[in-house]
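The values are calculated or read from the model by the stated rules, or taken from the named source; none is laboratory data. Just so we're clear, the structure is a prediction, and the values are computed from it rather than from any experiment. A quick note on method: Cβ atoms are made from the backbone with ideal geometry, for glycine too, and the neighbour counts reach across all protein chains shown. Just so you know, the surface numbers come from the protein's heavy atoms only, side chains and all, with ligands and any DNA or RNA stripped out. Shrake-Rupley method; radii C 1.70, N 1.55, O 1.52, S 1.80 Å.
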Amino acid sequence: MPGSLQARMLWASIVMLPILTIFAGAALQRAFETSLLTSEESQARLHTYALLSSAEFIESELVLPRTLQEPRFSQVQSGLSALVFDSSGELKWRSESSSLIDEELITRIAQIEPEPGSSRFSHLKADQLFLYVYPLIWDIDGLEYKYLIAILHTDVESMEELTTFQTQLWGWLLAVYLLALLLQYLILRWGLKPLNALAEEISGIERGETTDLKGRYPDEVEPVTRNLNRLIDTERHQRERYRNTLADLAHSLKTPLAVIKGAAGESHSLESYQRLIDEQSDRMTQIVQYQLSRAVKSKDRPLANAVSIHLAVERICSALSKVYASKGIEVTVSGLEEKSFAGDERDLMELLGNLLENAFKYGRTRVAVSASLEEHELLLLIGDDGPGIGSGEHQTILQRGARLDMSTPGQGIGLAVCADILSSYNGALEVGTSALGGAEFQIRLPAAL
Amino acid sequence: MKILIVEDDPDLRRQLVTSLNSRSYTVEECEDGDEAVYLGTEYEFDLAIVDIGLPGRSGLEVIRAWRKAQRDMPVLILTARGDWQDKVEGLESGADDYLVKPFHIEELSARVNALLRRAAGHAKPQMTYGSITLDTTARSVSVNGEEVKLTSYEYRTLEYLVLHAGQTISKAELTEHLYHQDYDRDSNVLEVFIRRLRQKLDPEQTLNPILTVRGLGYRFALEATD
């Protein structure tokens, strides 16, 4: 199967058009033949009437003049002849032109017995003749006299005419076919031009000459180009983001690497060198973890579908209850029913997971989660009864890698990731003091509709 | 204490095995999910460490299979991605704690310790039974505040008995949980350990912390004083 639309359509035309043309040609040829025969028949009928008009009935006998009005009946080579038979098939009269007609043919014609009153027209191809037979009944004094009039006309002229017609017809049809193909080709070229232009523009983007599809396209192609533009745009943003993340990652790894490299040149004791490597690898782990969390965080939110906050809180709390089983932490949840988060479920899990883990980690026995709607904002509070965070440290704790307490394990990036996620949703994270006495994280999010 | 390690990365697996062995745990290792399901359901372990990202059958499936087969040993999952979706799914599948890669071996050891204690019903790493104090973090024992030097096998024997205090533990169970499968299981060895433990913990024979239940096994008989 040919690959291009144009080729496919052209191939279809090349195959289909001849079929159409042959049908049309056959129909035309047929129509022409029919009209030829019709005119032959009506001419023959006219000759019959002319013959009858000059006939006389004398003493129970049909009498015809020797020479008729029509001169061709008198010329031997004219190709037009007339014969008259009586009811017994005996030849009663023949035109002068009929002298060359085969006796055998005359015998055959004499045997024709048409229905009374109905003429018969036939084309005797083998004899190259048109034959018109007319049964005649003459009613005189109650007596019926039956005769058969036969008009014979050569078909040579008609056949020549037909051949000429055929040659011309098929010649013209061939011309029409070629012209139609040419036209179709041109129409296709013109009709598919926008697609070619589109392909050209896309390869322009590939070559880096342009950044998006600028051309105006027909209505059918417009949705494709619109979506293509969107795709190109998303893809470009994604690439930029990857580049930035990669650059961030590479740059931030450089420092600990430099420290390690530098330390190799300094004279460290084995122990202090080990400690240094340990510190720096911790730092690198932290960096990698942070960038990974950022990668998890989806930046393109497709149509935001509502994610149940209640369900997420319950799942995370029951998971954390296992991890911190020895603390026997009691979780109180209020106002979470029907609250939802318009965004990616993983973002919500990441946000709540980090904050709830902090609450479980630092809380002594109780953790409280509550939510409320304030005008256009959803306020989500996560508090615990732990030591809390001093007001001076409220800002510090939200910075990446900052940890006030080094004894509880963790990467120190959780809150930075939370702040990152929230800012991408136009939300905010604040730190305060919980009614339970410990720290309280306040999440503000634009309310889901 | 017998631990099953399911980790497909050979380097990390070797590191885990070496360090847990050096901390006197009996360690079995395997690298894929199917074998893990088999080992975990057919043999008794005190704890399992499972990497979530196993080839073929995932770590989550392994844990679900164990739980379905009524195996309730504590399970610690290792995850490389460390996003919450992963962690929550892991814990929902039946795991008890998680650790995000990379981690310090000390961190792993602390988690393992805590899980084992928790499974035995102890919240704190220090357990006091009268004058005997067992510190599962430092893996040390002291009597009347004075540390008693124990060999690794002696400590393991004592720890197992203490964590199952009040229960009679058969010799077979002790051997099973304390030694490698290929270890020579001559029950005399166990008797030697018990005798030495008794001597070290209770030289005057006033406490009688470890009772011999004739025909059945041993029992740690002291009451916890917390």
So, A:Leu373, is that one within 56 Å of the chain's Cα centre (by Cα), surrounded by fewer than 19 Cβ atoms within 10 Å (Cβ to Cβ) and either touching a residue at least 24 places away in the same chain (Cβ under 8 Å) or assigned to a loop (DSSP other than H, G, I, E, B) (or both) or not?
yes
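Open to solvent by 60 Å² or more (accessible area, probe 1.4 Å), acidic (Asp, Glu) and either touching a residue at least 40 places away in the same chain (Cβ under 8 Å) or over 30 Å from A:Thr21 (Cα atoms) (or both) - does that describe any residue in the stretch A:119-137? Before the answer, list the steps.
Keep residues of the stretch A:119-137 that are open to solvent by 60 Å² or more (accessible area, probe 1.4 Å), which gives A:120, A:125-126, A:128, A:137.
With the extra rule that they be acidic (Asp, Glu), the set shrinks to none.
No: zero hits.
For the structure I just gave you, tell me whether A:Gln289 is of a type in the set (S, T, N, Q), within 14 Å of another protein chain (Cβ to nearest Cβ) and either farther than 28 Å from A:Ala199 by Cα or assigned to a helix (DSSP H, G or I) (or both).
Details: of a type in the set (S, T, N, Q): yes; within 14 Å of another protein chain (Cβ to nearest Cβ): yes; either farther than 28 Å from A:Ala199 by Cα or assigned to a helix (DSSP H, G or I) (or both): yes.
So A:Gln289 fits the description; yes.
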Here are the criteria: (1) touching a helix residue (DSSP H, G or I) at 6+ places or on another chain (Cβ under 8 Å); (2) farther than 27 Å from A:Arg346 by Cα; (3) open to solvent by 60 Å² or more (accessible area, probe 1.4 Å). Tell me which single one B:Arg81 does not satisfy.
(2)
Going through (1) in a loop (DSSP other than H, G, I, E, B); (2) within 14 Å of another protein chain (Cβ to nearest Cβ) one by one, A:Glu357 fails only at (1)
Of (1) surrounded by fewer than 24 Cβ atoms within 10 Å (Cβ to Cβ); (2) at pLDDT below 90, A:Ala368 satisfies all except one. Which?
(2)
Looking only at the stretch A:321-330, decide whether some residue is open to solvent by 10 Å² or more (accessible area, probe 1.4 Å), away from chain B (no Cβ under 11 Å) and on the phi < 0 side of the Ramachandran plot.
yes
Count of residues meeting criterion [more than 9 Å from chain A (Cβ to nearest Cβ) and without any contact (Cβ under 8 Å) to a residue 12 or more places away in the chain] in the stretch B:72-104
1
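Of the residues that make up the stretch A:199-211, is at least one open to solvent by 50 Å² or more (accessible area, probe 1.4 Å), among the hydrophobic types (A, V, I, L, M, F, W, C) and closer than 26 Å to A:Leu5 by Cα? Can you show your working first?
Going residue by residue through the stretch A:199-211, those that are open to solvent by 50 Å² or more (accessible area, probe 1.4 Å) are A:199-200, A:202, A:206-209, A:211.
With among the hydrophobic types (A, V, I, L, M, F, W, C) added as a condition, the list becomes A:199, A:202.
In the following step, the residues that additionally are closer than 26 Å to A:Leu5 by Cα were identified as A:199, A:202.
Yes, the stretch A:199-211 contains a residue that is open to solvent by 50 Å² or more (accessible area, probe 1.4 Å), among the hydrophobic types (A, V, I, L, M, F, W, C) and closer than 26 Å to A:Leu5 by Cα.
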Residues of the stretch A:330-348 being touching a helix residue (DSSP H, G or I) at 6+ places or on another chain (Cβ under 9 Å) and at pLDDT 90 or above, in sequence order, are A:Val331, A:Val333
Selection count where residues are open to solvent by less than 70 Å² (accessible area, probe 1.4 Å) and touching a Gly at 6+ places or on another chain (Cβ under 9 Å), scope the stretch A:81-108
1
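Somewhere in the stretch B:49-62, is a residue open to solvent by 60 Å² or more (accessible area, probe 1.4 Å), within 14 Å of chain A (Cβ to nearest Cβ) and either in a strand (DSSP E or B) or not β-branched (Val, Ile, Thr) (or both)? Give the derivation first.
Going through the stretch B:49-62, the residues open to solvent by 60 Å² or more (accessible area, probe 1.4 Å) turn out to be B:55-57, B:61.
Adding the requirement that they be within 14 Å of chain A (Cβ to nearest Cβ) leaves none.
Checking the stretch B:49-62: not a single residue is open to solvent by 60 Å² or more (accessible area, probe 1.4 Å), within 14 Å of chain A (Cβ to nearest Cβ) and either in a strand (DSSP E or B) or not β-branched (Val, Ile, Thr) (or both).
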Lone unmet requirement of (1) among the small types (Gly, Ala, Ser); (2) touching a Lys or Arg at 6+ places or on another chain (Cβ under 7 Å); (3) open to solvent by 40 Å² or more (accessible area, probe 1.4 Å) for A:Ser78
(3)
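Looking only at the stretch A:191-215, count every residue that is over 11 Å from A:Leu228 (Cβ atoms) and assigned to a helix (DSSP H, G or I) and tell me the total.
So in the stretch A:191-215, the residues over 11 Å from A:Leu228 (Cβ atoms) come out as A:191-197, A:199-200, A:203-204, A:206-211, A:214-215.
Now restrict to residues that are assigned to a helix (DSSP H, G or I): A:191, A:193-197, A:199-200, A:203-204, A:206.
Final tally of qualifying residues: 11.
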Filter the stretch B:105-147 for residues that are within 23 Å of B:Leu4 (Cα to Cα), in a loop (DSSP other than H, G, I, E, B) and at the interface with another protein chain (Cβ under 9 Å from one of its Cβ atoms) and give the result.
B:His122, B:Ala123
What are the pairs, 6+ residues apart or on separate chains, where a residue within the stretch B:109-128 that is in contact (Cβ under 8 Å) with a residue 60 or more places away in the chain has its Cβ under 7 Å from a residue that is open to solvent by 40 Å² or more (accessible area, probe 1.4 Å) and of a type in the set (D, E, K, R)?
B:Ser109/B:Arg23; B:Thr128/B:Asp226
All-but-one check, A:Glu430 against (1) farther than 28 Å from A:Leu292 by Cα; (2) at pLDDT 85 or above, failing number (1)
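Using the structure shown, decide if A:Leu198 is away from chain B (no Cβ under 14 Å), without any contact (Cβ under 8 Å) to a residue 40 or more places away in the chain and out of contact with any helix residue (DSSP H, G or I) (no Cβ under 8 Å at 6 or more places or on another chain). Before the answer, list the steps.
Working: away from chain B (no Cβ under 14 Å): yes; without any contact (Cβ under 8 Å) to a residue 40 or more places away in the chain: yes; out of contact with any helix residue (DSSP H, G or I) (no Cβ under 8 Å at 6 or more places or on another chain): no.
No: the conditions fail for A:Leu198.
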Do we find a residue being in a loop (DSSP other than H, G, I, E, B) and farther than 20 Å from B:Leu116 by Cα anywhere in the stretch B:166-181?
yes
Hits in the stretch B:16-31 - residues which are exposed (fewer than 15 other Cβ atoms within 10 Å of the Cβ) and over 14 Å from the mean Cα position of the chain (by Cα)
B:Thr18
Condition first: open to solvent by less than 70 Å² (accessible area, probe 1.4 Å) and under 19 Å from A:Lys193 (Cβ atoms). Now tell me which residues in the stretch A:223-243 satisfy that.
A:Pro223, A:Thr225, A:Leu228
Could you check the stretch B:17-34 and list, in sequence order, the residues that are touching a strand residue (DSSP E or B) at 6+ places or on another chain (Cβ under 9 Å), part of a loop (DSSP other than H, G, I, E, B) and within 16 Å of B:Tyr155 (Cα to Cα)?
B:Tyr25
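Among the candidates A:Ala31, A:Ala44, A:Ala50, which residue alone is in a helix (DSSP H, G or I), touching a Leu at 6+ places or on another chain (Cβ under 8 Å) and of a type in the set (Gly, Ala, Ser)? Lay out the reasoning, then the answer.
Numbers: A:Ala31 fails: touching a Leu at 6+ places or on another chain (Cβ under 8 Å); A:Ala44 fails: touching a Leu at 6+ places or on another chain (Cβ under 8 Å).
Going through A:Ala31, A:Ala44, A:Ala50 in turn, just one is in a helix (DSSP H, G or I), touching a Leu at 6+ places or on another chain (Cβ under 8 Å) and of a type in the set (Gly, Ala, Ser): A:Ala50.
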Where the second residue is basic (Lys, Arg) and the first is touching a residue at least 60 places away in the same chain (Cβ under 8 Å) and lies in the stretch A:44-63, which pairs have Cβ atoms under 8 Å and are six or more apart or on separate chains?
A:Leu62/A:Lys92
Pairs under 7 Å by beta carbon, first residue within 15 Å of B:Asn113 (Cβ to Cβ) in the stretch B:13-36, partner polar (S, T, N, Q), six or more apart or different chains?
B:Arg23/B:Ser109; B:Ser24/B:Ser152; B:Val27/B:Asn21
